[in-house]
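Participant: Provided herewith is a single structure, encoded as structure tokens, for subsequent inquiry.
The values are calculated or read from the model by the stated rules, or taken from the named source; none is laboratory data. The model shown is predicted, which means the values in this text are computed figures rather than measured ones. Heads up, the Cβs are rebuilt from the backbone with ideal geometry, glycines too, and the neighbour counts pull from every protein chain shown. Keep in mind that these areas ignore ligands, DNA and RNA; they rest on the heavy atoms of the full protein, side chains included. Shrake-Rupley method; radii C 1.70, N 1.55, O 1.52, S 1.80 Å.
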Amino acid sequence: MKKTGLFVTLSVAVMAMGADASFAETWDLPMAYSGSNFHSVTGAEFAKCVTTGTGGEIEITTHPGGSLFKGGDIKRAIQTGQVPIGERLLSGHQNENALFGVDSIPFLATSFDDADKLWKAAKPALEKVLADQNLTLLYSVPWPPQGLYFKNEVKSVADMKGVRFRSYNNATARLAELTGMLPVSIEAAEISQAFATGVADSMVSSAATGYDRKVWESLSYFYEVDAWLPRNYVLINSEVWSSVSEQNKNVINACAQMAEYAGTWRSKEYTGFTLQGLRDGGMKVEEASDQMASDLKTIGATMTAEWLEAAGSEGKAVVDAFKAMK
Ligand code: PCA
């Protein structure tokens, strides 16, 4: 059924190809991660799909690697209309609304299947919060499961004490605090340098990001903790969106649906490929020891309780809806 839906929407996209290109617009789409990363590749295909599907009426150009706006600035740039569209890790804005951090609750959804269910459960509430911020959601793609990177071997949370830890959102900074590490917020585009210069000696992230940034040049251990699967979200300024013709909205929605499907598929494929890449780079890729796993579960329970407290009844409703799907 899902496939049929995609083909129907695709044919709408193809029908629109003959559209008159005399009102051509160019949209810059900032992205925070390296051009070779699967999110960026998916975004580039989405851009091409829209450009082709609208017959050139809307031409999208992606700017990966934080080259146009850094990750932390992309959301505001879209909201304020500095750019019409962009991609952002929404959990980086959990301080604005706890719901943005729903995909970074430790050990709530730890597989691609569960991450998909959590996404379905959270989507209506997230769309509402975004709408209040002048943002419309187009598609979202998960990162692979998050594991822990270290320079030195770590067997328990006690071994983490005092280690400088690169964070990318509130949840990762809180994880550092609760494990006795010292969080420092660093964009993915800058981590190779941060590790090389000793600004940080550890992080929680996917094998994908470690691979993209060749972290084996500085770090030696990756523990497959599968803590959560955070997501990137492609967002469009709501005023820009309402100015788009119905026909082109159909094209963009069809391209977005395909991008979400293809991006998720790539994320799954990239997981194994990049884990092997870390090994090939010389890193030890291991499961967490029983002690580390149980220490982290305790910290995860604390963080889950804190999130539920911050997100209130709306957050609880999302988590309950997710659990009911399992
Ligand atoms: N990579 C991004 C976010 C999650 C991930 O796997 C990063 O480390 O910044």
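Participant: Name the single residue that is most open to solvent (accessible area, probe 1.4 Å) among those in segment 183-234 being in a strand (DSSP E or B) and over 19 Å from ASN170 (Cβ atoms).
Facilitator: Looking at residues that are in a strand (DSSP E or B) and over 19 Å from ASN170 (Cβ atoms), I get GLU224.
Participant: Can you report the number of residues in segment 82-102 which are touching a helix residue (DSSP H, G or I) at 6+ places or on another chain (Cβ under 7 Å) and open to solvent by 10 Å² or more (accessible area, probe 1.4 Å)? Can you show your working first?
Facilitator: The initial filter retains those residues of segment 82-102 that are touching a helix residue (DSSP H, G or I) at 6+ places or on another chain (Cβ under 7 Å), namely 83-95, 97-102.
Next, only the ones that are open to solvent by 10 Å² or more (accessible area, probe 1.4 Å) stay: 84, 88, 92-95, 97-98.
Selection size over segment 82-102: 8.
Participant: Oh, and also: Considering only residues that are away from the ligand (no atom under 15 Å from the Cβ) and of a type in the set (Lys, Arg), look in segment 83-141 and name the one that is farthest from the chain's Cα centre (by Cα).
Facilitator: LYS128
Participant: Considering GLU260, GLU286, which residue is in contact (Cβ under 8 Å) with a residue 24 or more places away in the chain, charged (D, E, K, R) and not in a helix (DSSP H, G or I)?
Facilitator: GLU286
Participant: Looking at segment 68-82 only, could you name the residues that are within 16 Å of the ligand (Cβ to nearest atom), not acidic (Asp, Glu) and not in a loop (DSSP other than H, G, I, E, B)?
Facilitator: Step one: filter segment 68-82 for residues within 16 Å of the ligand (Cβ to nearest atom), giving 69-75.
Those still in the list that are not acidic (Asp, Glu) too: 69-72, 74-75.
If the condition is that a residue be within 16 Å of the ligand (Cβ to nearest atom), not acidic (Asp, Glu) and not in a loop (DSSP other than H, G, I, E, B), then GLY71, GLY72, ILE74, LYS75 are the ones that fit.
Participant: Are there any pairs, at least 6 apart or on different chains, whose C-beta atoms fall under 6 Å, with the first in segment 220-234 and charged (D, E, K, R) and the second at pLDDT 95 or above and in a loop (DSSP other than H, G, I, E, B), and if so, which?
Facilitator: Close Cβ pairs (under 6 Å, with a partner that is at pLDDT 95 or above and in a loop (DSSP other than H, G, I, E, B)) amount to ASP226/THR110; ASP226/PRO145.
Participant: When residues of segment 124-174 are filtered for being under 25 Å from GLU96 (Cα atoms) and either in contact (Cβ under 8 Å) with a residue 12 or more places away in the chain or crowded, with 21+ Cβ neighbours inside 10 Å (or both), how many remain?
Facilitator: Total satisfying the criteria: 29.
Participant: Let me ask you something else. Within segment 224-263, which residues are of a type in the set (Lys, Arg) and within 16 Å of the ligand (Cβ to nearest atom)?
Facilitator: Taking segment 224-263 first, the residues of a type in the set (Lys, Arg) are 231, 249.
Scanning segment 224-263 gives a single hit, ARG231.
Participant: Applying the selection to segment 81-126, what residues are acidic (Asp, Glu) and touching a Lys or Arg at 6+ places or on another chain (Cβ under 8 Å)?
Facilitator: First, pick out the residues of segment 81-126 that are acidic (Asp, Glu): 87, 96, 103, 113-114, 116.
ASP103, ASP114 - these are the residues of segment 81-126 that are acidic (Asp, Glu) and touching a Lys or Arg at 6+ places or on another chain (Cβ under 8 Å).
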